[in-house]
Structure formats: C-alpha cells, structure tokens
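The values are calculated or read from the model by the stated rules, or taken from the named source; none is laboratory data. Since we're looking at a predicted model, the values are computed, not measured. Backbone-built Cβ (ideal geometry, glycine too); neighbour counts: all protein chains shown.
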Amino acid sequence: MEWKGRRQSDNIEDRRGTSAGRGGGNSPFGRGFQIPTGGRGGGMSIKMLIFLAVIYFILKAMGIDLMQVLDTTGSGPTSSYEQSGTPGTPASDEMTAFVRTVLAETEDTWTGIFKAEGETYAEPSMVLFAGRTNSACGTASSATGPFYCPGDRKVYLDTNFFNELQQKFGATGDFAEAYVIAHEVGHHVQNLTGVLPKFNQMRQSMSEVEANQMSVRVELQADCFAGIWGKFTEQKGILEAGDLEEALNAARQIGDDTLQKRSQGYVVPDSFNHGTSAQRMTWFKRGFDSGKMSECDTFSGAI
C-alpha cells in the first residue's frame with residue numbers, strides 16, 4: 001500500500017505516554033464495538049495541581065526545565081515500524097504516520113459516500129494507547145483487541161496490536177493492518193446510520209445465543225464496509241500487488257472458527273460473535289468488489 005506522502009488525519013488522540021499497565025493480548029477484534037458503561041475516572045485535586053505548578057516554577061527558576069527532562073528521558077513505544085524523529089515522541093514514529101494516513105483515507109471515503117446521499121459524515125477519533133486506558137465504554141486494554149466505542153465515537157487501538165497480528169496470527173502486511181482500522185471505522189458508520197443503537201437496544205431482550213448471532217451480522221457488515229474503503233483506495237491507485245490478499249488473509253486468520261481451533265482444538269458455533277473465516281473473507285470481498293453500501297446488507301437472509 002503506497003501510503004507515504006499522503007494526507008494524515010488530525011483526529012488522533014495519542015495516550016501512549018499516559019497509559020497505565022500492560023496486558024497480554026489474546027483476541028483480535030475482541031470487542032469489535034462496546035456498549036457504553038457508567039463510572040467515573042479518578043483525577044488530581046485542585047491542591048495537588050497547585051502544588052505541582054509551584055514545584056514546576058521553582059525548578060524553572062533554578063534553570064531546570066522539567067518538560068525537557070521528561071522529553072529526553074522518556075521512551076517511545078515499540079512497534080513493527082522504524083522510529084523516525086526524536087526518540088521518546090510517539091507521535092513522530094512511522095507507525096503513527098501510517099495510522100493517521102489510513103484514518104484520513106477512511107475519512108475521504110466515507111465523507112464522499114455520505115455526501116452523495118445528501119448526508120454529512122461525522123469523523124470519529126482514534127485513541128492510541130499502550131496497555132490500558134479508559135473509554136466511555138469502560139476500560140480499554142491490549143487484551144481485548146481494537147474496538148469502537150459508540151459512547152464517545154472513538155476507535156481504540158493498542159499500538160502493539162499490529163505486532164501481535166503478525167507474529168501470533170500470521171496476518172502480515174500493511175494492508176492487513178489497514179483493514180483492522182477500516183473495520184473499526186465501519187462500526188462508526190453503523191453507529192451513524194443507526195445500526196449499532198438498534199442492535200444495542202434489541203440485545204437487551206435476546207438470549208446469549210441470539211445476541212451472538214446478531215453480533216455476527218453486525219461484524220460482517222463492518223467487514224463489508226472495510227471492503228468498500230478498500231475499493232476506494234484501489235480506485236485512487238494506491239494499492240500494490242498482494243494488498244487485497246493481505247486483507248483477505250487477515251480476515252481468514254481472525255475468523256471465530258479459526259481462532260477457536262487454534263486455541264482449543266474445536267469450535268462452538270453458538271459462541272461465534274464475529275463470523276467464520278469464510279464469512280469474513282466473503283463480506284470483505286463483497287464490499288471491495290461492489291463499493292456500495294447497499295451490497296452490505298447482512299441482516300436479510302443467510303450470511
């Protein structure tokens with residue numbers, strides 16, 4: 001994917017320097033999307049903020065710039081991309097540039113599609129974190145995989161996930177990683193079009209098996225929407241040979257049946273909530289081939 005030198009999105013919230021703790025990842029698209037939950041985060045008191053401000057200015061008067069000290073001693077996140085720019089500044093690394101570029105491409109795609117329908121596309125934000133952070137849907141951690149939270153309209157991505165996608169699940173290539181982002185943005189599109197609100201309301205009266213079955217349809221539509229994005233990138237001429245195969249391989253590697261076979265040696269279809277490998281590949285390809293939202297109706301008939 002020829003992504004370098006293209007527009008980068010400003011809708012990035014980089015929390016990697018403030019995330020607390022690290023967890024072990026075990027499930028790509030583990031949440032997909034998440035229902036908002038209650039709860040309030042902790043914070044510093046006014047007295048503490050005043051105390052820290054006083055300390056800062058005392059050190060400043062002594063010729064010690066605390067911000068420079070922190071900047072030069074910090075360490076940036078590890079990723080499968082080479083670091084560029086000043087060490088210790090996550091926003092300058094190549095992985096961040098890649099994420100910003102892919103997010104910008106999704107913005108261009110969906111802005112154009114919504115405009116053609118006389119609608120305005122409200123762009124989502126993407127939160128980059130390391131290990132753990134808070135969201136309107138509860139705690140986000142590396143163990144859950146990337147997900148979209150409709151409560152704050154943000155996509156959450158632990159930057160170490162791409163390493164896991166390659167090393168643990170055998171889904172290599174930059175377009176496989178772009179597919180991950182496009183899938184989560186697909187959930188944002190569902191939120192804007194009313195699909196997620198309707199499902200979240202319906203699931204309250206569903207059994208677990210019924211909710212899983214409906215969740216599969218929601219996830220497959222997000223895959224189809226990711227395919228639509230892929231179609232628009234192809235039309236721009238920025239796809240390279242093998243890119244489509246990278247995305248399809250990623251869809252294959254993270255199908256429910258493939259993941260269950262790998263982890264426990266057998267499958268439990270009633271527990272599927274994202275779709276089989278074959279289904280995920282089929283619906284991504286359907287969106288890619290058509291480039292039309294009307295071809296992504298996963299809620300009518302068999303899937």
Assuming Ala143 fulfils every condition listed in (1) modelled with pLDDT under 95; (2) among the small types (Gly, Ala, Ser); (3) in a helix (DSSP H, G or I); (4) exposed (fewer than 15 other Cβ atoms within 10 Å of the Cβ) apart from one, which condition is it?
(4)
Filtering region 182-203 down to residues that are among the polar types (S, T, N, Q) and over 30 Å from Met1 (Cα atoms), which residue is surrounded by the fewest Cβ atoms within 10 Å (Cβ to Cβ)?
Gln201
Residue count for region 126-153, restricted to those that are touching a Cys at 6+ places or on another chain (Cβ under 7 Å) and hydroxyl-bearing (Ser, Thr, Tyr)
1
Where Lys198 falls short, out of the listed (1) in contact with a helix residue (DSSP H, G or I) (Cβ under 7 Å, 6 or more places away or on another chain); (2) farther than 18 Å from Gly275 by Cβ; (3) assigned to a helix (DSSP H, G or I):
(1)
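Pick out, from region 235-303, the helices (runs of 4 or more DSSP H) lying fully within it that include 3 or more residues that are touching a residue at least 60 places away in the same chain (Cβ under 8 Å) and crowded, with 20+ Cβ neighbours inside 10 Å.
On the way: elements: 243-253, 256-264, 277-290.
Result: 243-253, 277-290.
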Trp110 versus (1) surrounded by 19 or more Cβ atoms within 10 Å (Cβ to Cβ); (2) under 25 Å from Phe199 (Cβ atoms); (3) under 13 Å from the mean Cα position of the chain (by Cα); (4) touching a residue at least 24 places away in the same chain (Cβ under 8 Å): which is the lone unmet condition?
(3)
